[in-house]
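Written out below as structure tokens is the structure these notes cover.
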Amino acid sequence: MKNYLVLDAGGTFIKYALMDENAVILEKDKAATPSYLNSGKEDFYQVLDGIVEKYRSMLSGIAISMPGMLDSQKGYCMTAGYLTYLAGTPVADELSLRYGFPVTVENDGKCAALAEYWKGSLKGCTNGAVVVLGSGVAGGLILNGRLYRGSHFTAGEYSYICNHEERFEEMDSFWGMNGAANGLFRIAAKHLGGDWQDYDGFEVFRRANEGDPKTLMALKEYTDSLGVQIYNLNILLDLDIIAIGGGISQQPLLLEYLKKSLEEIDHKNPLRTLTPYIPRPQITNCTYYNDSNLIGALYHYMKLKGEL
């Protein structure tokens, strides 16, 4: 049985796990990610040094999930999200030389899609998508039974979608700003008062699950907007299933309200005067939530190395 070190490098934490070839997590932990404001690539690599040394004697390889525009075949990072110090870096080659193991790198949203396609909510589908509601809106596309990366490795980078074209020059006009978890917190602050940065998923859904009318109004406004983008995604690609991930997706109320929003969009659609058939998106939750990036990174490693 082979073991792998799998890392999910985010802007705040580097989550890591020792996993076997069946994606069973044997151990997992996390370490703080060096800040892009006052750190560099070597600081990031030194954190990895400590993690690798814990498991070196039992490893067959290292698989990494991280943000950014990545050439996942070569392991080269053109951009790297909040890990700006890794932009323009052949991360896989540098770390393979540093540690003496094969190393692969894949975009975090695409890892989430691969995990769900391999063992989760997209298993067995021909065409599907994952939408991850986190600090931005990440995700991945499964088309014709394969992960679709696009000509420049940016397919599924939903954060770049503009959904307020009249204010294109403003950051809040993009799905990654107004449709991410922070978008919900901003709407909650509009209805409830206070600074949106004082809100988090626990507080918003505590109020919502207690039936607070203003919070439920905010949640509906959020899912109405999210529903329009899910509708657009489905119309564009004609998908079997769309799986919703991210921390707030673990709240059953989010999926309940999103389904209601999609039903309203379907019933109100004026195109029904022209055709009786308007495709309605089929949605579900992701299966693996916070572990999806780890599982998908391992899948990418094993496929790229011919082990799966």
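The values are calculated or read from the model by the stated rules, or taken from the named source; none is laboratory data. This one's a predicted model, so the numbers in the text were calculated from it and none came from an experiment. Because the Cβ atoms are built from the backbone with ideal geometry, glycine has one as well, and the counts that use them run over all protein chains shown. Accessible surface is based on the protein model in full, side chains and every heavy atom, while ligands, DNA and RNA are left aside. Shrake-Rupley method; radii C 1.70, N 1.55, O 1.52, S 1.80 Å.
Between Glu264 and Glu53, what is the FRET efficiency for a Förster distance of 51 Å, r being their Cβ-Cβ separation, to the nearest 0.05? Given R0 = 51 Å and the Cβ-Cβ separation, E is 0.40. Packing, taken as the mean count of other beta carbons within 10 Å per residue, orders the peptides 201-212, 134-145 from highest to lowest as 134-145, 201-212. Computed from Cα positions, the angle between helix 252-268 and the longest principal axis of the chain comes to roughly 50 degrees.
Translational diffusion coefficient of the chain (Stokes-Einstein, Kirkwood radius from Cα pairs, 10 °C, 1.306 mPa s): 79 µm²/s.
Measuring nothing but protein heavy atoms, the accessible surface of the stretch 55-207 at 1.4 Å probe radius is 53 percent carbon and sulfur. For the chain, the solvent-accessible area with a 1.4 angstrom probe is 47 square angstrom per residue.
The Cα atoms of the stretch 32-71 cover 34, 24, 14 Å along the three principal axes, with the biggest extent listed first. Each residue of the stretch 193-209 is assigned a 3J(HN,Hα), and the resulting list reads x, x, 8, 4, 6, 8, 9, 9, x, 4, 5, 4, 7, 4, 5, 5, 5 Hz, derived from the Karplus form 6.51 cos²θ - 1.76 cosθ + 1.60 (θ = phi - 60°), x at Gly and Pro. Starting from the Cα of Lys123, draw a straight line to each of the aspartates and glutamates and keep only those under 15 Å, dropping any in the same chain fewer than 8 residues away. Those aspartates and glutamates meeting the cut-off are Asp240.
Over all directions, the projected convex hull of the C-alpha atoms in the stretch 200-308 averages 8.8 nm² in area. Helix 213-237 and the longest principal axis of the C-alpha atoms of the chain enclose an angle of approximately 70°. The calculated FRET efficiency for the pair Ala32 and Asn290, based on their C-beta separation and a Förster distance of 25 Å, comes to about 0.90. For the chain, relative contact order (Cα pairs under 8 Å, six or more residues apart, normalised by length) works out to 18 percent. Take the alpha carbon gyration tensor of the stretch 255-308, find the square roots of its eigenvalues, order them as a ≥ b ≥ c, and report rounded if a/c is under 1.5; if not, report prolate when a/b exceeds b/c, else oblate. Oblate shape, in that a/c is at least 1.5 and b/c is the bigger or equal ratio. Rounded to the nearest 10 degrees, the angle from helix 181-192 to the longest Cα principal axis of the chain is 40 degrees.
Distant-in-sequence amide contacts of Gly245, defined by a placed amide H-H separation under 5 Å and a gap of 5 or more residues or a different chain, comprise Val131, Val132, Leu133, Cys286.
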